Amino acid sequence: MSLMDRFPLPGQTRFFTLRLARVGSRLLVDHIADLRAAWAAMVADHPTVCGAMVVLPDHLHAVLTLPPGPRAVSVRWSQLRRDFAGRVAPRRPKQSGSPRS
């Protein structure tokens, strides 16, 4: 996902667009419960006021008020992206410890 915010001003209300790397993907709407869980975890760690959010298949728009600080924006979006990706990443079956014959 890429974040488009040209001039972040921490402590002010801002409009953000977060896009998936693959245009046309339906990942956000197909895994909306995972996105909600990742959002809730991020807000629990880093309080954020969300005035509005629109989730579309391959991107989302949000109006957020963040506290002052030099990394307020990047910390929140990085955690959301990492958590969401971890929730929807394909799960590989565990390898058995037995050697091949």
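The values are calculated or read from the model by the stated rules, or taken from the named source; none is laboratory data. Treat the numbers as computed from the prediction; the structure is a model and nothing was measured. Cβ atoms come from the backbone with ideal geometry, glycine included; neighbour counts cover every protein chain shown.
Computed quantities for the displayed model
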| quantity | calculated |
| --- | --- |
| Residues (β-branched (Val, Ile, Thr) and in contact with a strand residue (DSSP E or B) (Cβ under 6 Å, 6 or more places away or on another chain)) located in the range 49-79 | Val49, Val54, Val63, Thr65 |
| Residues within the range 43-63 that are under 19 Å from Asp83 (Cβ atoms) and either of a type in the set (S, T, N, Q) or surrounded by 14 or more Cβ atoms within 10 Å (Cβ to Cβ) (or both), tallied | 9 |
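Conditions tested, residue by residue: (1) charged (D, E, K, R); (2) surrounded by 12 or more Cβ atoms within 10 Å (Cβ to Cβ); (3) over 14 Å from the mean Cα position of the chain (by Cα); (4) modelled with pLDDT of 90 or more.
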residue: Phe7; (1), (2), (3), (4): no, no, yes, no
residue: Gln12; (1), (2), (3), (4): no, no, yes, no
residue: Arg26; (1), (2), (3), (4): yes, yes, yes, yes
residue: Val29; (1), (2), (3), (4): no, yes, no, yes
residue: Ala38; (1), (2), (3), (4): no, yes, no, yes
residue: Ser74; (1), (2), (3), (4): no, yes, no, no
residue: Gly86; (1), (2), (3), (4): no, no, no, yes
residue: Pro93; (1), (2), (3), (4): no, no, yes, no
residue: Ser96; (1), (2), (3), (4): no, no, yes, no
